[in-house]
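Step one of this worksheet: look at the structure below.
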Amino acid sequence: MQKKIIALAIAGLASTAAFAQTNVTIYGIADVGVAQTRSNGNLTQTAVISGGLSTSRIGFKGVEDLGNGLKALFTLEYRLDLDKNATIGSSFVTTGANASGPARQQFVGLTGGFGTVIAGRLQTTAFDWQGKYITLAATAFDAHNKLTVPNFRINLQNDARAENAIAYVSPSFGGVTVNLNHAFAVEQPTTATAGNLSATLVGVYYDNGPLSIGFVGEKLQGGGQAALGASTYELTERTDLALGASYDFGFAKFTGAYQTTKNNASTATGDTAKFDSVYSIGAQVPVSAKGKVHVQFAQSNYKSGIYSTGANAGTGGHLADNSGKGISVAYTHDLSKRTTVYAGYSYLDNAGTGIAYNYGTAVASPSTGAAGTGQAGGSSNVIAAGLRHSF
C-alpha cells in the first residue's frame, strides 16, 4: 500500500498554507537480480543488475483540488541503480537518443472534465502503448525492444520519453481515449549535435472489459549536423506506426504488437521509400493463485544499404539483411501484494548479417578474437533471477 504523507515531508519547498492543501505520495520500486549474458556462445558477463523485472525508481506525486472539478497535479520520478555506488539517477549514462534515465518523468499539469494537460519531461503515449501490448516490456527479457533499438523511434531508448514536451489525454468516450504529445526539442544522441528535431505522437486506445486495442503514430522531423564537427546539414523525417491488442480470457492474457518505421532523411540509404517492421506475440498464463508464466516471441524485418552502383543499381535490392528474432520466457511469483520473485530466459538470433542484436557487453569474437558485443549471424542470450519490492 502506498504511503500518504502531508507535504511537511518536503518542508522548505512550499509555504505553510500549501502544506495543508496538498497530499504527496512517495512511491517506488526496488528491484535487484543476478543476470548472466552470453554472445555467440561466449560468456559475456555475470553481474548483479537493477531493474530486471521493473526499473528501480523513486517518485513523488501529488494532487490539489482547485474547485469546480479542476485539479492541479505533479509527478517527479527518478531511476535508481541499486547495484551501483550512485545517488538517484546519477549513474545512468545514455548512448541512445532518448533513453530511460535518469529522470523518468517530471511534469506539472491540470486535470478536469476536459481531460488532462501536462508539460515537462514525459512518458509519452509510445511508453503507454508498449506497456499495454508487449508482454515482458521493459524487463531484462524483452526481445521486442532489442529488435527495435537500431532503427525504430517507438522503443524504450527513443521516443518512449520526451524532453521539452506537452501532452493532452482526453476523457474516455465509450472506452475510447486519445493521447496527443509534442516534443519541441527531442533529446539528441551523444554522437550528434543538436539538430532542432521535434516529435509529434498521437495515441488512440479502445478499452472494453477484457479487450484493449491501441494505435500510436509518430512523426519525427527537423535537421542538423550528422555528427560532431560535420559540415553537412541533414534533414530528418521519420514516420513510425504501432498497432497493438490484448485480450484477457481469464485462463490467459494474450498480447500482440506490430510496428513499422520509414526513414525519409535527406541522406537516407537504407530505408527510403519502404517500411521496416517488427512484431511480437505474447501470453501471460496464471499457473497458480500467485504465479504466472510469461512468454514472448518477436521478429524483425529490417534491411539497409540500397544498391546505388553496379549491376544491382536500381533493382531495389539491399546490401545488408538486419533481421532478427527472439524468444523469451519468464516466471513471476507474488510473495505478497508488494513483493515478487522472478526468473527468466531470453534468446536473440541474429538471422541477418547486418546487425548483431545482443544482451551482452564486450565479448571476444570466436573467429577473430576481437572485442565486440555480438556477431551478425550469431546469437545472444540472457538468464536472470531477482526480487522486486514495490512501496
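Readers should treat all values here as calculations from the given coordinates under stated rules, not as data from a laboratory. From a predicted model like this one, the values you see are computed outputs, not experimental measurements. Positions of Cβ are generated from backbone atoms using ideal geometry, with glycine treated the same way; all protein chains shown enter the neighbour counts.
In sequence order, region 40-51 has phi-based couplings of 6, x, 9, 5, 9, 6, 10, 7, 6, 10, 10, x Hz under the Karplus curve 6.51 cos²θ - 1.76 cosθ + 1.60, θ = phi - 60°, and Gly or Pro positions carry x.
If a spin label sat at a point 7 angstrom from the Cα of residue 176 along the line to its beta carbon, the backbone N atoms of region 201-216 nearer than 14 Å would be those of 203-208, 213-215.
Among the listed pairs 84/292; 262/325; 146/253; 71/253; 132/219, give every one whose C-alpha distance is greater than 27 Å. Working shown, then result.
Working: 84/292 30 Å; 262/325 20 Å; 146/253 23 Å; 71/253 35 Å; 132/219 21 Å.
84/292; 71/253, as the Cα separations exceed 27 Å there.
Label-to-label distance, residue 345 versus residue 333, with points set 7 angstrom from Cα along the beta-carbon direction: 1.7 nm.
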